[in-house]
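Some notes on the structure that comes next.
No lab work stands behind these numbers, since they all come straight from the coordinates. Remember, it's a predicted structure, so these values are computed and weren't measured experimentally. As a convention, Cβ positions derive from the backbone with ideal geometry for all residues, glycine included, and neighbour counts pool all protein chains shown.
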Amino acid sequence: MIHDAIVVGGGINGLCTLYHLLRLGCRAVTLIEQFELEHQQGSSHGTSRITRSSYSSPTYVRLMQQVHNEEWPRLEMDSKMKLLHPTPGCFWGPEDGPVRQYVKAVAEIGEPVIHLSPREARTRFPMICFSDHDTILDDSTCSLVAADSTIKSLIRICTEKRAKLLEKEKVIDIDFDSDPIQVRTSVRTLQTQKLAITAGSWIGRLIPMVSRRLTVTLQTVGYFELVGEHTEFQVGEFPVWIYLGQGQNNIFYGLPEFGRPGLKLARHITSASGDAPEPILGVPTAESIKDLRNFLAQHFQSPIKRFHSAEHCLYTNTQTEDYILDFHPSSENVVIGAGFSGHGFKLGPLTGRILAEMLIQGKTTVPAFESDRPRFRITAPQAGDGS
């Protein structure tokens, strides 16, 4: 059997690519995942993610417009589930830090994001401690993404459309030069006309040239309960937020309580020596949990009542934090999605569409991507900022 298309990797980007391949008319399609579907070893697990318009680059602000207006509504309609839960959004940091670019980008595109003074911000977001020298954005487009539910919905939709999803099957080798393309796994050899590779932190094992641009970093995500009424910390009341500090890795983010006890909090680490993706991510260290505890104590009004739990996930980072969305250098029948740098989930329904359209049509119907394609190529762009 010769497949219309095969997708390697069953995280958010692989599943969204499969979803759009089916939407574009592919029938003989298979997804290959080395672990179980919905596994906890990569970048797509967990109960929640942030979606927002606030970005430091106008290109990403435009991409967010399209995913909010087209792809998340489409996926919610197809899944018959509510996947985005609106909630306030607060993005802040020192006025001479990275937040300046966010202010400039959202103003250029005209998104409904308000620039607040510290006095206004203390009224709007009384739970957060702002300094008199902070710049604060109030982003009314924000939602909490029900991440686990999104993954489950994509699996169900693709299965109902008769896609084949192979679990616990590792891709060993790909012959890009053969016609059809040969994909050898730990179980079998498959043939396909088209191939999408969205293998997350493991993509360098399949495409070594890509690994030169990528660094894998281990993230600690903590869940804390603060003193106060429980309703204060729920979706719709408590904001999703990002603190944009100065210096390397001085970005923190958090979300309301959702799907498990405690507010979600993490440091956004993209610059590090690099961690090898391992079969078991391990237990977060006491030091990494203390780091999160210290941030909460410094930047939030309510004291910590209880530490509930912590988990690890992986980032696969490019130096600029721009995604790689490109054809394989040796074949336009192969597309690569990689380097989502800790901010890929919210755009997954659109980047999946981009990869599927590239593969089937050669170009996409996503203007922000088409007008800035060099930013997303395998070869490193000269400049970019996808944070």
- request: Evaluate Rg over Rh across the chain, taking Cα atoms for both radii and Kirkwood's formula for Rh.
  value: 0.96
- prompt: What residue among S178, S57, S309 has the largest mean-square fluctuation in a Gaussian network model of the chain, using Cα springs under 10 Å?
  reply: S178
statement: Karplus-derived 3J(HN,Hα) from phi for the stretch 168-174 (6.51 cos²θ - 1.76 cosθ + 1.60, θ = phi - 60°), whole Hz, x at Gly and Pro, runs 6, 9, 8, 7, 8, 7, 10
message: Can you give me the long-range amide H partners of G259? Hydrogens built in the peptide plane at 1.01 Å from N, cutoff under 5 Å, separation of 5 or more residues or another chain.
response: none
field: Principal axis dimensions, the stretch 294-357 - Cα atoms, whole angstrom, descending
entry: 55, 23, 19
- request: Using a Förster distance of 51 angstrom, determine the FRET efficiency expected from the C-beta separation of M1 and Q301, and round it to 0.05.
  value: 0.25
query: Among all the aspartates and glutamates, which ones have a C-alpha under 20 Å from K290's C-alpha, if same-chain residues fewer than 8 places away are not counted?
result: E225, E257, E311
task: Mind giving me the FRET efficiency for M81 and D132? R0 is 41 Å, r the Cβ-Cβ distance, nearest 0.05 is fine.
output: 0.40
field: For the stretch 72-82, 3J(HN,Hα) per residue [Karplus equation, 6.51 cos²θ - 1.76 cosθ + 1.60, θ = phi - 60°, Hz, x = Gly/Pro]
entry: 5, x, 4, 5, 5, 5, 5, 7, 6, 9, 7
Over 29 Å (Cα to Cα) - which of K161/K346; K168/K194; K152/K305; K170/K194; K80/K164; K82/K164 fall in this group: K152/K305
query: Roughly how tilted is helix 12-23, in degrees to the nearest 10 and between 0 and 90, from the longest Cα axis of the chain?
result: 50
- prompt: What fraction of the Cα pairs in the stretch 6-54, stated in percent, has a spacing above 12 angstrom?
  reply: 66
task: Provide the net charge surrounding G46, with neighbours chosen by a C-beta distance below 12 Å and charges set as Lys +1, Arg +1, Asp -1, Glu -1.
output: 0
task: Return the calculated 222 nm mean residue ellipticity for the chain, to the nearest 500 deg cm²/dmol, obtained by summing -39500 (n - 2.57) across DSSP H runs with n ≥ 4 and dividing by the residue count.
output: -7500 deg cm²/dmol
task: On a 0 to 90° scale, report how tilted helix 147-160 is relative to the longest principal axis of the chain, with both axes built from alpha carbons and the result rounded to the nearest 10.
output: 20
query: Angle between the Cα long axis of helix 99-109 and the longest principal axis of the chain, 0 to 90 degrees, nearest 10?
result: 60
query: What size of dipole, in debye to the nearest 20, comes out for the chain about its Cα centre when the only charges are +1 on Lys and Arg C-beta atoms and -1 on Asp and Glu C-beta atoms?
result: 560
- request: With a point put 7 Å past each Cα toward its Cβ, work out how far K363 is from T189 in nm, to one decimal.
  value: 3.8
- request: Would you tally the net charge around A380, using a Cβ to Cβ cut-off of less than 13 Å, leaving A380 out, and scoring K and R as +1, D and E as -1?
  value: +1
field: Label-point separation, K104 to Q182 (7 Å along Cα→Cβ), nm
entry: 5.1
- line: Each label sits 7 Å from Cα toward the beta-carbon; between D173 and A28 the label points are separated, in nm, by 2.3
- request: Give a residue-ordered list of calculated ³J(HN,Hα) values for the stretch 91-98 (Karplus: 6.51 cos²θ - 1.76 cosθ + 1.60, θ = phi - 60°; whole Hz; x for Gly, Pro).
  value: 10, 8, x, x, 4, 9, x, x
- request: Order the peptides 193-202, 85-94, 71-80 from the highest to the lowest mean number of other Cβ atoms within 10 Å of their residues.
  value: 193-202, 85-94, 71-80
Most mobile listed residue (T320, T185, T30) in the chain, GNM with C-alpha springs under 10 Å: T185
field: Span from the the stretch 249-264 Cα centroid across to the the stretch 88-153 one, whole angstrom
entry: 15
